[in-house]
1. Is there a residue in the range 25-48 that is in contact with a helix residue (DSSP H, G or I) (Cβ under 8 Å, 6 or more places away or on another chain), hydrophobic (A, V, I, L, M, F, W, C), farther than 23 Å from A118 by Cβ and not in a helix (DSSP H, G or I)?
2. Going residue by residue through the range 39-58, is there one that turns out to be at pLDDT below 95 and within 20 Å of A103 (Cβ to Cβ)?
3. Could you check T88 against (1) in contact with an Asp or Glu (Cβ under 9 Å, 6 or more places away or on another chain); (2) in contact (Cβ under 8 Å) with a residue 40 or more places away in the chain; (3) surrounded by 22 or more Cβ atoms within 10 Å (Cβ to Cβ); (4) among the polar types (S, T, N, Q) and say which number it fails?
4. What helices (runs of 4 or more DSSP H) lie completely within the range 140-232 and have 2 or more residues being at pLDDT 95 or above and of a type in the set (A, V, I, L, M, F, W, C)?
5. Can you find even one residue in the range 83-100 that is more than 14 Å from the chain's Cα centre (by Cα), of a type in the set (S, T, Y) and in a loop (DSSP other than H, G, I, E, B)?
6. From the list E82, E78, E111, which residue is of a type in the set (D, E, K, R) and under 23 Å from R143 (Cα atoms)?
Amino acid sequence: MLEGVAGVRHAFFTRHGGVSEGIYDSLNVGRGSKDEADDIAENRRRCAAHFDRPADALSTCYQIHSAVALLADQPWGERRPEGDAVVTATPGVICGALSADCAPVLIVDPEARIVASAHAGWGGALKGVADSAVAAMVELGARPERMIAAVGPCIGPNSYEVGLEFLDRFVADDEANARFFTTGASDDKRLFDLPAYVLARLAAAGVTQAEWTGHDTCADLDFFSNRRAFKR
């Protein structure tokens, strides 16, 4: 849905096109990983170059599975503040989110020229990180009814098997959340639809122009997947 937004560039990167090796092969941009620092820096430079910007324009959080949305009124460079969403109205700032099954969310108000990225794992999604990103954009002058959002590659509903205690967390928050779960391989397992849940949270926040790209990171080897890597 974001392709037609004039003046705003976006991308969901695969794991290809970088210089990292081993389990980080190859476009690993996570500065919290045990990958070689020089390789991470080069990978981040390549991502920023895709937007014709220097590496320090790429602004990403120290992600903590929270609902914290942070303002980037200028590029963060090496700074990595704790949070899970980045919001800006400043041209040239690249708002980024790192994921390896969690849902990356990109949001734009084309009229206000305000953008946000969010990292929505199940914990952050349940806490309301998508809602927080929308609220932070509104504080800058955006309006939810004008916003367009894309939920990027993440673990899909056919891959995300969880236990009943996981289901209980969501139902305790809202009984209607049961609709995001289907029967798993056994009676004590369920399949969770993370992208549908994130889209529902966006809709509840007033963002109705939103869709998932349809890429399942766990099933698609082109993407990093924590669950696939560790066979959880």
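The values are calculated or read from the model by the stated rules, or taken from the named source; none is laboratory data. Being a predicted model, the structure only gives us computed values, none of them experimental. We place every Cβ from the backbone using ideal geometry, glycine too, and count neighbours over all the protein chains shown.
1. No; the residues of the range 25-48 include none that is in contact with a helix residue (DSSP H, G or I) (Cβ under 8 Å, 6 or more places away or on another chain), hydrophobic (A, V, I, L, M, F, W, C), farther than 23 Å from A118 by Cβ and not in a helix (DSSP H, G or I).
2. Step one: list which residues in the range 39-58 are at pLDDT below 95, which gives none.
Looking through the range 39-58, none of the residues is at pLDDT below 95 and within 20 Å of A103 (Cβ to Cβ).
3. The failed condition is (2).
4. On the way: elements: 164-173, 194-204, 226-230.
By residue number, 164-173, 194-204.
5. Yes.
6. Numbers: E82 fails: under 23 Å from R143 (Cα atoms); E78 fails: under 23 Å from R143 (Cα atoms).
Within the list E82, E78, E111, the selection yields E111.
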